[in-house]
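Have a look at the structure below before the remarks.
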Amino acid sequence: MILQYTSFLVSACLVLGRLSHGAPTTPSTPFSQFDVGSSSAYDFVSTVLLDEPKTRLATGAEAKDVGFQIAATLEVASLWNSPADANDKILQLTLKKPILHIKSRKAPAPDGFVTHTSNLESLKNSPFLVHWSSGEVKHLFVSEDENLSMVNLKRGIASLFQFRTFDVEAKESDASGFCDVKYATSDGIAVEKTKSNCVAHKGVVPFTIHPDKVFGLAVNGNRKTEYVLKSDASAVDSITSSEYHEMTVVVRQEAGGSVAAKQELKLIDSSSDAKPVKGSSVEEAVQQISSKNGAKYVKKDILLENEPQTCQDECPSFAKVVRDNKSNLQASSLGTIKSSSSFIKALKVARKSKEEDLSKVLSHAKHADILPQLIDIVAAAQTTASHNAAVKVLDFSSERTIDLPERYLWSLSFGSQPLESVIRDLLSRAEKNIPSQKLSELWP
């Protein structure tokens, strides 16, 4: 189902967005695209693949990419232009019959994708509006009750129609962040757009830096979009947007991953049967289109919104994850792939769990045999809730019970993002009498 692929959809829009909010450094040339009343239909394909980094593939490792693909028909109709500026327009984009495909080893080469059952087709999917001005996407107008995954997907699609038809270098803000952008034209009908030095927008995705650069990450990528216009420059004939990003651990470059993303639009039909509206402003035009479509539109920024975590049925509790993975968390399993996998599963849930839920698991007698491993997990979680839950079951005052407190402090010392509240609490406890000399030496 589509909710299973929420993070993929966000990644697709993040990677593939082509959104520009910066002014060009040279005057704009007249646009002949999107004449009012014109309509075009495109084949649309959006693909995202995750794989090993190239450094690992270069050693002979087999490519094992996984990912998804969305295929649909996209209709673009020009419904309005400003009485004061013919290049200030409203475009109506309609995404028809979107179908989800997933990468499969059983699928025929070279594509390797098969149709996958999902509720993508059943999600509300109304036509959406794009305020387009001289090649810049100003805003989107989408139906007020559409799923955020669908809205983000539409942001990525709308961004493809943002481009300049002249050579220019500019600073632009888009879904990739604030970027240096370069446009290069050729043959009068082809435009290549490249982006570099992108700084991500805050709040869209989590962003942390390891304090020790040796254990940090090296991230490299490239972004390019190619536009081809019809010979008379009256319409966009094709758009091909591709990005590749690779992340590797500095100290071990074969450890990491990569994401390759591609969006393609190919013109399949064009006509002059769109029914334009009149209005002195964008707001008036949107209101008329809203009445005609029977939809209530809300104004949206072109930048992506972070999507909350979703689960297919019900998000698992920390207690359930521990119960399901208990055998892999036994001391006898330490150092195995199964143990590491279970640790990561439990850690992800622990970071989102409440203090009382963590405390119940740590204090339950049936988990006594894996308590040391659970202490490692809550220490690695590095949240206020996990710390408070841990100190409830740890006894720092007895020489006989220092093993678990010692383990907890050791685990905390490996954390790359310690919380100030946790440090203050530990310093406060250090001021009290610590009977164990060994434990005192570990104190911050």
Note to self: Any residue that is at pLDDT 80 or above and surrounded by 12 or more Cβ atoms within 10 Å (Cβ to Cβ) - is there at least one of those in the range 430-444?
What the structure shows: no
Check: Among the residues of the range 219-229, which ones are out of contact with any Phe, Trp or Tyr (no Cβ under 9 Å at 6 or more places or on another chain) and at pLDDT 90 or above?
Finding: LYS224, GLU226, VAL228, LEU229
Check: Just for helices (runs of 4 or more DSSP H) wholly inside the range 327-396: which have at least 2 residues that are within 14 Å of LEU412 (Cα to Cα) and more than 25 Å from the chain's Cα centre (by Cα)?
Finding: 371-381, 384-393
Next item on the list: Check whether at least one residue in the range 328-338 is surrounded by 14 or more Cβ atoms within 10 Å (Cβ to Cβ) and free of Cβ contacts under 8 Å to residues at least 24 places away in the same chain, and report yes or no.
Entry: yes
Next item on the list: Take the range 392-409 and flag every residue that is touching a helix residue (DSSP H, G or I) at 6+ places or on another chain (Cβ under 8 Å) and either over 24 Å from GLU356 (Cβ atoms) or of a type in the set (A, V, I, L, M, F, W, C) (or both).
Entry: VAL393, LEU394, PHE396, ILE402, ASP403, LEU404, GLU406, LEU409
Item checked: Some residue of the range 281-298 being closer than 22 Å to PRO98 by Cα, out of contact with any Gly (no Cβ under 7 Å at 6 or more places or on another chain) and assigned to a strand (DSSP E or B) -> yes
Checklist line | Condition met for GLY279 (more than 28 Å from GLU355 (Cα to Cα), modelled with pLDDT under 95 and either within 23 Å of the chain's Cα centre (by Cα) or among the hydroxyl-bearing types (Ser, Thr, Tyr) (or both)) | finding: no
Note to self: It is to be established whether one or more residues within the range 176-197 are closer than 15 Å to LEU160 by Cα and part of a loop (DSSP other than H, G, I, E, B).
What the structure shows: yes
Notebook entry, point to check: Given the structure, is VAL191 under 25 Å from ASP237 (Cα atoms) and free of Cβ contacts under 8 Å to residues at least 60 places away in the same chain?
Noted result: yes
Note to self: Every residue in the range 94-152 that is over 30 Å from LEU50 (Cβ atoms) and not polar (S, T, N, Q), please.
What the structure shows: PRO127, LEU129, HIS131, TRP132, GLY135, GLU136, LYS138, HIS139, PHE141, GLU144, ASP145
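The values are calculated or read from the model by the stated rules, or taken from the named source; none is laboratory data. Note that this is a predicted model, so its numbers are computed, not measured. Don't worry about glycine lacking a Cβ; one is built from the backbone with ideal geometry, like all the others, and counts go over all protein chains shown.
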